[in-house]
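I have placed the structure first, in the form of structure tokens, so that the comments after it can refer back to it.
The values are calculated or read from the model by the stated rules, or taken from the named source; none is laboratory data. Owing to the predicted nature of the structure, the values given are computational and were not obtained by experimental measurement. FYI the Cβ positions are ideal-geometry reconstructions off the backbone, even for glycines, and counts take in every protein chain you see.
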Amino acid sequence: MQLPGREPAATCTSKVRGHAAAVDRARRQELVWLQASRSDAQQAAAAGLSAELGIDFEADDIVLTRGAHGAAAAALAAVVDYGDEVIFVSPPWFFYEAMILGAGGTPVRVRMNEETFDLDLDALARALTPRTRAVVINTPHNPTGRVYPPDTLQQLAQLLTSASERHAREIYLEVHRRWRAHSLEGLAAPAIPKPVKAVDSRST
């Protein structure tokens, strides 16, 4: 029953939902897009990465996201075309396969070395095809916690460089790193090999 002077319940519900959607859009814009171009944070990130990697970064080279999830998804979307194959290490962080599918790619699962939890470079080499566009790893690896040695990462970079030349098609290595220097004192930070396209995530 509709009371005199009152709007129908369906109309009220529609207005509430519309207002909630508008508020959500505004908050998303504030939290994501405005933060992506925060100059002081971009300058600090560029300086830190330049010092660590020996590559000159400018503030405009840096895009900030809410967490590494958004950064990894954006990087995949930038390099993957529909049907491209993207290799990821298994067992993986749970959302990698969904992100690859969301970018239009074809997920290719490669098991790690189950005795050492290290990358199985021979298995990765066998998985590379003319359709391979990217390889996704994270270090320390989630869920095993394995920190990949610099030599292993450098061998992987050389493997991908050779495959890129052989297939006349660039293959990107997307590296997602988590690092808490204050809680891992005495350990070297995970290395990033060259050449590489990297997604860098760290906590302080």
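Per-structure values
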| read-out | value |
| --- | --- |
| Residue identified as surrounded by fewer than 17 Cβ atoms within 10 Å (Cβ to Cβ), among the small types (Gly, Ala, Ser), more than 27 Å from Leu53 (Cα to Cα) and out of contact with any strand residue (DSSP E or B) (no Cβ under 7 Å at 6 or more places or on another chain) among Gly145, Gly104 | Gly104 |
| Extreme residue, modelled with the lowest pLDDT, among residues of the range 34-62 that are surrounded by 14 or more Cβ atoms within 10 Å (Cβ to Cβ) and either assigned to a loop (DSSP other than H, G, I, E, B) or under 12 Å from the mean Cα position of the chain (by Cα) (or both) | Arg38 |
| Close pairs (7 angstrom Cβ cut-off, 6 or more residues apart or separate chains): more than 20 Å from Met99 (Cα to Cα) in the range 117-140, of a type in the set (Lys, Arg) anywhere | Phe117/Arg146; Asp118/Arg146; Asp120/Arg111; Ala123/Arg111; Pro130/Arg169 |
